[in-house]
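Below is one structure, written out as structure tokens; the observations come after it.
The values are calculated or read from the model by the stated rules, or taken from the named source; none is laboratory data. Because the structure is predicted, anything quoted here is derived from the model rather than measured. Heads up, the Cβs are rebuilt from the backbone with ideal geometry, glycines too, and the neighbour counts pull from every protein chain shown.
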Amino acid sequence: MKFPTPAASGLACAGLLMLALAASPAQAGMQWKWRDASGATQYSDRPPPPGTPDSAILARPSPSSRQVRVAEPASGASAAAAGNAPAATKTADPELEARRKKSEEERVARQKAEDDKQAKVRADNCERARGYERSLKDGMRIARTNDKGEREILDDKARSEELQRTQETIQSNCGK
């Protein structure tokens, strides 16, 4: 068995070391680190997949280490395509803004519908409570069913308690 000479192995090690050092600053600074859905730590020079929560992203490339290499276009078609890239981003922003605006309008419409529904329920409750208040104040005989399912007539004390509860309902549902 033949062993390499110390000079040759030293030269090979130095070459590998130089190669590793030359590649590491550019690549190490551009590393993403995140936990995937299964909990495993992932490393990549590309961002994590869409839908990865920010809390799962453990490291991002630093802005100073991002070195974008721009290749010279080989033909006029590539140059035209590169020139259209900013225009494509500009058109994406108005579309995104339009979607946001539409979503906000839908949310406002849903909220208004819910408010209208609640206002209708309050108005109905108010009308019923006012009618019941009139019945209580008119002095007519009012019967209700007790816990045992028996019918009982309200006496003066029960009538005043019922009138108090009805007035509280009127205040909460009728506004004034």
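Could you check the range 121-157 and list, in sequence order, the residues that are loosely packed, with under 10 Cβ neighbours inside 10 Å and in a helix (DSSP H, G or I)?
Result: Asp138, Asp156, Lys157.
For Val121, all conditions in the list (1) closer than 30 Å to Ala158 by Cβ; (2) modelled with pLDDT under 90 hold save one; what is the number of the exception?
Failed condition: (2).
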